[in-house]
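**Q** I am attaching a structure below and will ask some questions about it afterwards.
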Amino acid sequence: MNTNHQHPDFRKRLSALALAPGVYLMKDAEGTIIYVGKAMALRNRVRSYFQATRHRDPKTRELVSHIADFDVIRTDTPTEALILENELIKKHQPKYNVMLKDSKTYPYIRITNEEWPRVISTRQIVNDGSTYFGPYTSAGAAYKSINLLNRLFPYRKCDKKITGHDDVCLYYHMHQCTAPCIAAVDRETYMKSINGASLFLSGRGEEITGGIEEEMEQASEAWNFERAAELRDRLNAITHVLERQKIVSPRGTTADIIALAHGVGGDAAVQVGFLRNGKIIGLEYFPMQAAVHDLPGEITSGFVTQFYADAAVIPPRLMLQHALPAEEVPIVSEWLNNLRGSKVEISVPQRGDNRGLVEMVAKSAEENLEQARLKHLSDDMKMTAAMSELADALDLPRLPRRIECYDISNLQGTNPVASMVVFQDAKPAKKEYRRFTIKTITGANDFAMMNEVIKRRFRRAAEADEEKDGKWTTLPDLVIVDGGKGQLNAALEGLREVGMEVPICGLAKEQEEIFLPGRKDSIMLPRDAQSLFLVQRIRDEAHRFAVTFHRTRRSKATFHSKLDDIPGIGPKKKKALIKSFGSVKGVKEASIEELTAVEGITTHLATRLKAGL
């Protein structure tokens, strides 16, 4: 960490900043935004970064050591600054901001505002009177809840217009829909199912059972035993689910309970318990990007402002494990109140039942973070095992941490291309992938094409300036060429021609055989070996990357014309010429005077066009 970093002299700019709310963006020497913050008074907040360092926390010292420039954006109110800060964090993903790791929109269960409402999963919030429940961290969890609801409260799954005169679908016969499409149910009865689903999702499921019991008795008295049995089964199913929804707050509180787990390595996660009418109806886990020095209140603040910015449901109360930074409390409170349209109480329970609820959710957060950490370690161990197995099987001098794989893609020799994919520590390093257009080979000669690509890549490595072109000078621990002995020998010849030597093998697809230089027999990795899974994955990625590039090239070639071969004629002029004369033939037959009437076509260019066509 460079704490002696010399900043440009910002004194004049800092003194010119307004004592007004806004957002500030810190940039590094490359102009990359590395931190976005909000302030009630921009001058005071931004100036604080460039004052004496002795009171700064380690994270701020690290951030400040990389600041080379800053920008500010004035807002009318602190709440507007918070909203803008959220948008900029999502857009720029700054290195030093606390962020939700997965910034996607989360799925909700939506009860639509229609004459015959549906219960569906959605990520899009529509302000049309629909009712939303959630969020869920996965679509699978939302669909699981929807399927349960549909068994308990049959409602329509289709989105067709209800006329009462349609053909009935299979869901009716499966007792998963009451079939308003054939007028088998009146709207009042249908809405009982929808209202039941709504109460159930709100944690008020016990309010449903009395009505079902009454309807069951009426059906039985009317000797409609089939209907009575259907209602009995539904009642039993609802009761069974309700028994698992433990009442944790006798006062019937509705709130979101937000607790935090913060690992020693800086990894962090937030767990949210959705308390509805006294019952925990869901627990969701949200991984966070945070640093080891980030304070719990800062992480909690980052979560609250980012999560609720897109939330469909703002509860009347947030119960937090850690208090928000004192200066942010009034801004966040006002913002949440505006989102909900009524007061949102923010509290940090210190004792009693509510403190117990917070501790319960916090324990769940710790367990989930530990499970995620163990899974990550397990994945890393598998990757290390795969590389170790591969090193042993191929007799490599060291662990193949960097593996490059090459694949050729051509269709009967047309538009041939090659791909180079790179895996670093058994994971795709996509920024280092490279595409090659075959330049010296015509016809369908995969061996010669592989030879050309290997020569070009490793000649670049031999001749590149390490400071300017470091990525080409990094040599792989293993090269895999897609194909058998022919491709391997062509690649070996290419290496020899440029005077380079790297470990190399060929992977033939049919039997997943691996061929090594100077070795007659192929190697067959065990079918269940992690090393086999790794080389298959790398080879398939190289093939995918090559085929995608090849399709793009073929597509462009399809629209190629003689106009593309004439210097000075780009896409814009080509479009204007075709629009004026209808075709290349029309351009060819046009006079110099007619050609120069087209925007951008000079007499010199018109003469070149005539000569070229």
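**Q** Pairs under 6 Å by beta carbon, first residue free of Cβ contacts under 8 Å to residues at least 24 places away in the same chain in the stretch 111-133, partner of a type in the set (Lys, Arg) and surrounded by 12 or more Cβ atoms within 10 Å (Cβ to Cβ), six or more apart or different chains?
**A** Qualifying pairs under 6 Å: Thr112/Arg118; Thr122/Arg110; Ser130/Arg110.
To keep it simple, each residue is scored yes or no on (1) touching a helix residue (DSSP H, G or I) at 6+ places or on another chain (Cβ under 8 Å); (2) modelled with pLDDT of 95 or more.
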position	(1), (2)
Phe436	yes, no
Thr473	yes, no
Val479	yes, yes
Leu488	no, yes
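**Q** Any residue that is touching a residue at least 40 places away in the same chain (Cβ under 8 Å), touching a strand residue (DSSP E or B) at 6+ places or on another chain (Cβ under 6 Å) and in a loop (DSSP other than H, G, I, E, B) - is there at least one of those in the stretch 137-144?
**A** So far as the stretch 137-144 goes, yes, one or more of its residues are touching a residue at least 40 places away in the same chain (Cβ under 8 Å), touching a strand residue (DSSP E or B) at 6+ places or on another chain (Cβ under 6 Å) and in a loop (DSSP other than H, G, I, E, B).
**Q** Next up: Would you please name the residue that is modelled with the lowest pLDDT, looking only at residues in the stretch 329-354 that are of a type in the set (S, T, N, Q) and crowded, with 17+ Cβ neighbours inside 10 Å? If you could, list the steps in order and put the result at the bottom.
**A** At the first step, the residues of the stretch 329-354 found to be of a type in the set (S, T, N, Q) are 333, 337-338, 342, 347, 350, 354.
Remaining after also requiring crowded, with 17+ Cβ neighbours inside 10 Å: 333, 354.
Details: Ser333: 95, Asn354: 91.
Result: Asn354.
**Q** List pairs: first residue in the stretch 533-549 and acidic (Asp, Glu), second residue outside any helix (DSSP H, G or I) anywhere in the structure, Cβ distance under 6 angstrom, at least six positions apart or on different chains.
**A** Glu541/Val421
**Q** Moving on to the next point. Being closer than 17 Å to Val453 by Cα and within 31 Å of the chain's Cα centre (by Cα) is the filter; apply it to the stretch 391-415 and report the residue that is modelled with the lowest pLDDT. Step through it out loud before you land on a result.
**A** Step one: of the stretch 391-415, the residues closer than 17 Å to Val453 by Cα are 403-410, 413-415.
Of the ones still in play, those that are also within 31 Å of the chain's Cα centre (by Cα) are 403-409.
On the way: Ile403: 97, Glu404: 97, Cys405: 96, Tyr406: 96, Asp407: 91, Ile408: 87, Ser409: 82.
Restricting to residues being closer than 17 Å to Val453 by Cα and within 31 Å of the chain's Cα centre (by Cα), the top hit is Ser409.
**Q** Those residues that are of a type in the set (Gly, Ala, Ser) and either modelled with pLDDT under 90 or in contact with a Pro (Cβ under 8 Å, 6 or more places away or on another chain) (or both), I need them from the stretch 238-280; list them, please.
**A** So the first thing to find is which residues in the stretch 238-280 are of a type in the set (Gly, Ala, Ser), and the list is 249, 252, 255, 259, 261, 263, 265-266, 268-269, 273, 278.
Once the filter is applied, which keeps residues that are of a type in the set (Gly, Ala, Ser) and either modelled with pLDDT under 90 or in contact with a Pro (Cβ under 8 Å, 6 or more places away or on another chain) (or both), the stretch 238-280 yields Ser249, Gly252, Ala255, Gly263, Gly265, Gly266, Ala268, Ala269, Gly278.
**Q** Would you call Ser301 among the small types (Gly, Ala, Ser), surrounded by 15 or more Cβ atoms within 10 Å (Cβ to Cβ) and modelled with pLDDT under 85? Before you say what the answer is, go through the steps one by one.
**A** Details: among the small types (Gly, Ala, Ser): yes; surrounded by 15 or more Cβ atoms within 10 Å (Cβ to Cβ): yes; modelled with pLDDT under 85: no.
No: the conditions fail for Ser301.
**Q** Residues in the stretch 146-155: is at least one closer than 30 Å to Gln306 by Cα, hydroxyl-bearing (Ser, Thr, Tyr) and touching a residue at least 24 places away in the same chain (Cβ under 8 Å)?
**A** So far as the stretch 146-155 goes, no, none of its residues is closer than 30 Å to Gln306 by Cα, hydroxyl-bearing (Ser, Thr, Tyr) and touching a residue at least 24 places away in the same chain (Cβ under 8 Å).
**Q** Right, here's the next one. Any chance the stretch 121-133 includes a residue that's surrounded by fewer than 12 Cβ atoms within 10 Å (Cβ to Cβ), assigned to a loop (DSSP other than H, G, I, E, B) and under 26 Å from the mean Cα position of the chain (by Cα)? Don't jump to the end; show me each part of the working.
**A** Residues of the stretch 121-133 surrounded by fewer than 12 Cβ atoms within 10 Å (Cβ to Cβ): 124, 127-129.
If we keep only those that are assigned to a loop (DSSP other than H, G, I, E, B) as well, we get 124, 127-129.
The next check asks that each one be under 26 Å from the mean Cα position of the chain (by Cα); those that pass are 124, 127.
Yes, the stretch 121-133 contains at least one residue that is surrounded by fewer than 12 Cβ atoms within 10 Å (Cβ to Cβ), assigned to a loop (DSSP other than H, G, I, E, B) and under 26 Å from the mean Cα position of the chain (by Cα).
**Q** Follow-up question, since we're still on this one. Going by the structure shown, is Ser333 under 26 Å from Met40 (Cβ atoms) and without any contact (Cβ under 8 Å) to a residue 40 or more places away in the chain?
**A** Numbers: under 26 Å from Met40 (Cβ atoms): yes; without any contact (Cβ under 8 Å) to a residue 40 or more places away in the chain: yes.
Yes.
**Q** Here's a follow-up. Kindly list, by first and then second residue, each pair from a residue in the stretch 449-468 that is at pLDDT below 80 to a residue that is surrounded by fewer than 20 Cβ atoms within 10 Å (Cβ to Cβ), limited to pairs with Cβ atoms under 6 Å and residues at least 6 apart or on different chains.
**A** Ala464/Trp472; Ala464/Thr473; Glu466/Thr473
**Q** Got a number for residues in the stretch 582-608 being at pLDDT below 80 and either surrounded by 11 or more Cβ atoms within 10 Å (Cβ to Cβ) or not in a loop (DSSP other than H, G, I, E, B) (or both)? Step through it out loud before you land on a result.
**A** Residues of the stretch 582-608 at pLDDT below 80: 582-584.
In the following step, the residues that additionally are either surrounded by 11 or more Cβ atoms within 10 Å (Cβ to Cβ) or not in a loop (DSSP other than H, G, I, E, B) (or both) were identified as 583-584.
Here the count works out to 2.
**Q** Would you check which residues across the stretch 212-231 are under 44 Å from the mean Cα position of the chain (by Cα) and free of Cβ contacts under 8 Å to residues at least 40 places away in the same chain and list them? Can you show your working first?
**A** From the stretch 212-231, those under 44 Å from the mean Cα position of the chain (by Cα) are 212, 230-231; that's our starting set.
Of everything in the stretch 212-231, those that are under 44 Å from the mean Cα position of the chain (by Cα) and free of Cβ contacts under 8 Å to residues at least 40 places away in the same chain turn out to be Ile212, Leu231.
**Q** Follow-up question, since we're still on this one. Considering each of Val498, Val502 in turn, give the residue that is touching a helix residue (DSSP H, G or I) at 6+ places or on another chain (Cβ under 6 Å), among the aliphatic types (A, V, I, L, M) and modelled with pLDDT of 90 or more. Working first, answer last.
**A** Numbers: Val502 fails: touching a helix residue (DSSP H, G or I) at 6+ places or on another chain (Cβ under 6 Å).
Criteria check complete, one pass: Val498.
**Q** Restricting attention to the stretch 200-215, does a residue exist that is in a helix (DSSP H, G or I), at negative phi, in contact with a strand residue (DSSP E or B) (Cβ under 6 Å, 6 or more places away or on another chain) and surrounded by 17 or more Cβ atoms within 10 Å (Cβ to Cβ)?
**A** Of the stretch 200-215, the ones in a helix (DSSP H, G or I) are 200-201, 206-215.
Those still in the list that are at negative phi too: 200-201, 206-215.
Filter once more, keeping what is in contact with a strand residue (DSSP E or B) (Cβ under 6 Å, 6 or more places away or on another chain): 201.
Now restrict to residues that are surrounded by 17 or more Cβ atoms within 10 Å (Cβ to Cβ): 201.
Yes: one or more hits.
**Q** If you don't mind, there's one more thing I want to ask. Test Ala309 against the criterion of being in a helix (DSSP H, G or I), surrounded by fewer than 21 Cβ atoms within 10 Å (Cβ to Cβ) and hydrophobic (A, V, I, L, M, F, W, C), and give yes or no.
**A** Values: in a helix (DSSP H, G or I): no; surrounded by fewer than 21 Cβ atoms within 10 Å (Cβ to Cβ): yes; hydrophobic (A, V, I, L, M, F, W, C): yes.
No; evaluated as a whole, the condition is false for this residue.
**Q** Tally the residues that are aliphatic (A, V, I, L, M) and surrounded by fewer than 16 Cβ atoms within 10 Å (Cβ to Cβ), restricting the search to the stretch 496-528. Lay out the reasoning, then the answer.
**A** Applying the first criterion (aliphatic (A, V, I, L, M)) to the stretch 496-528 yields 498, 500, 502, 504, 507-508, 514, 516, 523-525.
After this cut, where a residue has to be surrounded by fewer than 16 Cβ atoms within 10 Å (Cβ to Cβ) as well, the list is 502, 523-524.
Residues that pass the stated criteria total 3.
**Q** Let me ask something else. Restrict the check to the stretch 407-415 and report whether at least one residue is touching a residue at least 40 places away in the same chain (Cβ under 8 Å), in a helix (DSSP H, G or I) and touching a Pro at 6+ places or on another chain (Cβ under 7 Å).
**A** Just the residues of the stretch 407-415 that are touching a residue at least 40 places away in the same chain (Cβ under 8 Å), to begin with: 407-411, 414-415.
Applying the additional criterion that residues be in a helix (DSSP H, G or I) yields none.
No.
**Q** Report yes if Ser388 is at pLDDT below 90, surrounded by fewer than 19 Cβ atoms within 10 Å (Cβ to Cβ), outside any strand (DSSP E or B) and among the small types (Gly, Ala, Ser), otherwise no. Please lay out each step first, then the result.
**A** On the way: at pLDDT below 90: no; surrounded by fewer than 19 Cβ atoms within 10 Å (Cβ to Cβ): yes; outside any strand (DSSP E or B): yes; among the small types (Gly, Ala, Ser): yes.
Taking the combined requirement at face value, the residue does not satisfy it.
**Q** Checking Ala184 against (1) in contact with a Ser or Thr (Cβ under 9 Å, 6 or more places away or on another chain); (2) farther than 22 Å from Asn113 by Cβ; (3) buried (at least 19 other Cβ atoms within 10 Å of the Cβ), which test does it fail?
**A** (3)
**Q** Can you tell me which residue within the stretch 50-71, out of those that are at pLDDT below 90 and touching a Phe, Trp or Tyr at 6+ places or on another chain (Cβ under 8 Å), is nearest to Ala20 (Cα to Cα)?
**A** Looking only at the stretch 50-71, we keep the residues that are at pLDDT below 90, and these are 50-66.
In the following step, the residues that additionally are touching a Phe, Trp or Tyr at 6+ places or on another chain (Cβ under 8 Å) were identified as 50, 59-60, 62-64.
Values: Phe50: 19, Lys59: 26, Thr60: 23, Glu62: 27, Leu63: 24, Val64: 22 Å.
Applying the filter and picking the extreme gives Phe50.
**Q** Shifting gears a bit: Give the number of residues within the stretch 260-299 that are closer than 17 Å to Ala141 by Cα and among the β-branched types (Val, Ile, Thr).
**A** 3
**Q** Given the options Ile438, Ile480, Ile454, name the one that is under 35 Å from the mean Cα position of the chain (by Cα) and more than 22 Å from Arg402 (Cβ to Cβ). Explain how you work it out, then say what you get.
**A** On the way: Ile480 fails: more than 22 Å from Arg402 (Cβ to Cβ); Ile454 fails: more than 22 Å from Arg402 (Cβ to Cβ).
Unique residue meeting the criteria: Ile438.
**Q** Could I ask something else about it? Is there any pair linking a residue in the stretch 161-174 that is under 15 Å from Asp186 (Cβ atoms) to one that is at pLDDT 75 or above and of a type in the set (Gly, Ala, Ser), with Cβ under 6 Å and at least six apart or on different chains, and which?
**A** Cβ pairs passing all conditions: Gly164/Ala183.
The values are calculated or read from the model by the stated rules, or taken from the named source; none is laboratory data. Source: prediction; values computed, not measured. Ideal geometry is used to build each Cβ from the backbone, glycine not excepted, and the neighbour counts take in all protein chains shown.
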